[in-house]
Number of protein chains: 2
Amino acid sequence: MTRARRTPGRRPGGPDTRGEILDAARESFADKGFAATSMRAVARRAGVDAALVHHYFDSKDELFIEAMAIPVDPRQIAAHILSGPREETGRRIATAFLGVWESPDGQQRMKALFRSVLSSDEVARMMREGITQMIIQPISQMLDVPDARLRVGLVATQLVGAAVVRYLVELEPVASVDVETLIDRLAPVLQQHLTG
Amino acid sequence: MTRARRTPGRRPGGPDTRGEILDAARESFADKGFAATSMRAVARRAGVDAALVHHYFDSKDELFIEAMAIPVDPRQIAAHILSGPREETGRRIATAFLGVWESPDGQQRMKALFRSVLSSDEVARMMREGITQMIIQPISQMLDVPDARLRVGLVATQLVGAAVVRYLVELEPVASVDVETLIDRLAPVLQQHLTG
């Protein structure tokens with residue numbers, strides 16, 4: 001899946017331009033953080049015109065998703081979670097999250113992402129900021145309860161732990177239980193975190 | 001805290017004997033696994049008499065705890081969790097687990113342990129086996145429900161995730177919420193995993 005828009009007549013830069021923009025974006029997210037990084041600053045750092053950054057990437061969010069090699073678009077996941085009946089939000093979250101991990105390609109990429117977050121303070125800081133802006137804030141705003149951000153954070157604890165135990169540590173019987181059973185067990189707990 | 005029993009008149013070996021036994025134990029846990037490692041086999045590998053291994057370490061469990069630098073005795077934690085009213089088990093688990101992480105020394109050592117488990121497949125395998133034998137099996141046996149091991153494994157997912165998000169990734173607001181609030185939120189969820 002490539003996100004580049006190949007508009008006829010626009011000059012797409014050299015063969016590595018897209019990679020160079022991603023390198024510059026990673027540097028900027030690391031140096032200045034997610035909030036203080038702009039498409040324009042990334043362009044300056046990569047030594048290209050800002051229009052070229054916009055040619056390859058729709059938004060700063062997309063630049064972040066690609067730079068961090070996040071295997072899914074967290075904005076799509078967030079939108080899916082927020083649609084449908086409120087009392088089944090826990091189930092939708094469990095299904096969407098485990099769905100990414102259950103695909104062989106998704107699992108490999110999520111493992112790599114988790115390992116780099118957990119072994120590097122710098123990567124952890126970048127992910128923390130990006131995930132907060134792209135997932136935790138929008139979902140919290142939709143929940144309209146006073147402690148919404150804490151609730152969404154607690155959902156994150158359950159999801160992260162399920163992934164670490166099942167896919168990274170491979171602790172039985174969580175590692176080999178069928179995914180439907182796991183969703184059945186996680187759904188009420190996630191719902192409790194959100195609305196209990 | 002040293003676990004060596006310095007009985008007068010017994011020869012404790014050279015200055016590094018205890019460390020050499022721990023090295024041999026780590027090798028054996030890595031090569032043969034927790035179940036197939038015996039005190040006698042560790043003695044043979046370290047080139048010392050089996051009595052000397054028993055002089056320094058009460059049991060294979062203790063050898064494992066020390067070899068893996070686990071900052072608490074999981075058997076004591078398991079005993080504490082299993083005492084007291086059944087309907088407050090979730091709260092006792094949350095309190096005991098976060099209690100270890102909230103002490104500065106405990107936090108530093110748990111972080112190191114988590115990082116090594118999450119970055120090394122070999123360490124992950126050793127921990128998986130040891131934790132299964134020392135914590136998951138005894139607690140599962142006390143629960144007397146058919147899916148007890150899955151339930152205890154699910155408790156592990158919530159605890160591991162809370163620790164990773166709060167102490168390793170430091171995602172807000174979970175990272176800085178007071179520990180009493182966190183216990184209040186985790187207790188019912190852990191109880192749900194165990195008995196829901």
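Here is a check on your reading of the model: is A:Ala69 among the small types (Gly, Ala, Ser) and in a helix (DSSP H, G or I)? No. The residue of segment A:158-176 that is nearest to A:Ala112 (Cα to Cα), among those that are open to solvent by 20 Å² or more (accessible area, probe 1.4 Å) and more than 22 Å from the chain's Cα centre (by Cα), is A:Glu170. Here is a check on your reading of the model: is B:Thr195 under 18 Å from A:His193 (Cα atoms) and open to solvent by less than 50 Å² (accessible area, probe 1.4 Å)? Considered against the rule, which asks whether it is under 18 Å from A:His193 (Cα atoms) and open to solvent by less than 50 Å² (accessible area, probe 1.4 Å), B:Thr195 comes out as no. Being modelled with pLDDT of 90 or more and not assigned by TED's automatic domain parsing to the domain that holds A:Val169, is that true of even one residue in segment A:94-108? No, there is no match, as no residue in segment A:94-108 is modelled with pLDDT of 90 or more and not assigned by TED's automatic domain parsing to the domain that holds A:Val169.
Kindly indicate whether any position in segment A:51-70 is in contact with an Asp or Glu (Cβ under 8 Å, 6 or more places away or on another chain), farther than 28 Å from A:Leu194 by Cα and modelled with pLDDT of 90 or more. Taking every residue of segment A:51-70 in turn, at least one turns out to be in contact with an Asp or Glu (Cβ under 8 Å, 6 or more places away or on another chain), farther than 28 Å from A:Leu194 by Cα and modelled with pLDDT of 90 or more. Just one of (1) open to solvent by less than 40 Å² (accessible area, probe 1.4 Å); (2) touching an Asp or Glu at 6+ places or on another chain (Cβ under 8 Å); (3) modelled with pLDDT of 90 or more trips up A:Thr132, so point out which. For A:Thr132, the failing item is (3). As for segment B:88-105, it holds no residue that is touching a Ser or Thr at 6+ places or on another chain (Cβ under 7 Å), open to solvent by 70 Å² or more (accessible area, probe 1.4 Å) and not hydroxyl-bearing (Ser, Thr, Tyr).
Just to be sure I understand, how many residues within segment B:67-101 are charged (D, E, K, R) and under 10 Å from the mean Cα position of the chain (by Cα)?
Looking only at that region, the number is 2.
Scanning segment A:173-185 for residues that are of a type in the set (D, E, K, R) and facing chain B (nearest Cβ under 7 Å) yields one hit, A:Arg185. Among residues of segment A:117-172 being of a type in the set (Gly, Ala, Ser) and within 7 Å of chain B (Cβ to nearest Cβ), the one that is nearest to B:Val123 (Cα to Cα) is A:Ser119.
The values are calculated or read from the model by the stated rules, or taken from the named source; none is laboratory data. No experiment lies behind these values; they were computed from the predicted model shown. When we count neighbours, we look across all protein chains shown, and the Cβ atoms used for this are built from the backbone with ideal geometry, even at glycine. Each accessible area value is taken on the protein alone, full model and side chains, heavy atoms only, with ligands, DNA and RNA left out. Shrake-Rupley method; radii C 1.70, N 1.55, O 1.52, S 1.80 Å.
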